[in-house]
Amino acid sequence: MKRKELICIGCPMGCPIVVEMEDGRVLSVTGNTCPRGESYARKEVTNPTRIVTTTVRVDGGKVPMINVKTERDIPKDKIFDAQSKVIREIAAKGHCVIVGRCADQILKDRTDCLNVFLHAPLTNRIKRVMSKKNLTEKEAKNLILKEERRRADNYHYYTRQIWGASANYHLSLDTALGYDYVMDVILGTAKRLK
């Protein structure tokens, strides 16, 4: 028998739920305080889905950025395929900046892309996160390391490559050199690609 622990997202309560399974079948669901919890848990262990959200910069619009999401939830194992399709479509339309999402690997066969990895010393990142999120040094460091692990795991899972490895990028720049300098290097390199 397999036991899976979840936090329900079916309502604001966030109940800790335990699902017991055998041979891919749900035997029991416990810990939920409402019927939505049982429904969520059964679906999450048998056919997990997600609504994918992001923000998109709008050129010439009334607002600079808008939130977008999928029309409906999609199977969790199809999210990368859906993101890849959108990234390829955006890149095919013309100039764009895509942050993350394994775009360097998704677009690796295109000769008109500039792949850039930005990094900074941990001490700089800690100071920035402390300031932006009003956290202690320890909290900021833990948050950074947790997020980096998530990004590295995600990148490796979908690409079988090492996140941040210089061989995957045309440029790898330390933002501690100064944002203006980094921007000049990126723009100067992009102009030479034309």
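The values are calculated or read from the model by the stated rules, or taken from the named source; none is laboratory data. Just so it is clear, the structure is predicted and the values come from calculations on it, not from any experiment. Note that we place each Cβ from the backbone using ideal geometry, even for glycine, and neighbour counts take in every protein chain shown. Calculation scope for accessible area: heavy atoms of the full protein, side chains included, ligands and nucleic acids excluded. Shrake-Rupley method; radii C 1.70, N 1.55, O 1.52, S 1.80 Å.
Per-residue counts of other Cβ atoms within 10 Å, averaged by peptide: what ranking do you get for 186-192, 33-39, highest first?
Going by the mean number of other Cβ atoms within 10 Å, highest first, we get 33-39, 186-192.
I'd like the distance separating the alpha-carbon centroids of the stretch 123-194 and the stretch 34-73, in whole Å.
25
Cα extents of the chain along the three principal axes, largest first, in whole Å?
Sorted largest first, the three principal extents are 61, 41, 39 Å.
Determine which residues of the stretch 51-81 fall in the zone a paramagnetic label at CYS34 would reach in this model, i.e. backbone nitrogen under 19 Å from the point 7 Å along Cα→Cβ.
Taking a point 7 Å out along Cα→Cβ of CYS34, the residues of the stretch 51-81 whose backbone N falls under 19 Å are 51.
Most fluctuating residue of ASP104, ASP112, ASP184 in a GNM of the chain with Cα springs under 10 Å: which is it?
Highest fluctuation among the options: ASP184.
Rounded, prolate or oblate: which fits the stretch 79-194 when a ≥ b ≥ c are the square roots of the eigenvalues of the alpha-carbon gyration tensor, with rounded for a/c under 1.5 and prolate only if a/b beats b/c?
In terms of gyration-tensor shape, oblate.
Skip the ligands, DNA and RNA, and give the accessible area per residue of the stretch 116-194 with a 1.4 Å probe, whole Å².
Spelled out: the 1.4 Å probe surface of the stretch 116-194, per residue, equals 77 Å².
Estimate the FRET efficiency between LYS2 and ARG160 by the formula 1/(1 + (r/R0)^6), using the beta-carbon distance for r and 30 Å for R0, to the nearest 0.05.
So the FRET efficiency works out to roughly 0.65.
Given a cut-off of 22 Å, name the pairs among LYS69/LYS108; LYS43/LYS78; LYS69/LYS194; LYS2/LYS146; LYS78/LYS132 whose C-alpha atoms lie farther apart than that in the structure shown.
LYS69/LYS108; LYS69/LYS194; LYS2/LYS146; LYS78/LYS132
With a 1.4 Å probe and every protein chain kept in, tell me what percent of the accessible surface of the stretch 34-167 is carbon plus sulfur.
Summing carbon and sulfur atoms, their accessible area is 52 percent of the total for the stretch 34-167.
ARG88 to GLU148: extension gain in nm, 0.36 nm per residue of separation minus the Cα-Cα distance?
Between ARG88 and GLU148, full extension yields 19.1 nm more.
Starting from the Cα of LEU187, step 7 Å along the direction of its Cβ; do the same at ILE74; then give the gap between the two resulting points in nm.
The modelled label-to-label distance comes out at 3.4 nm.
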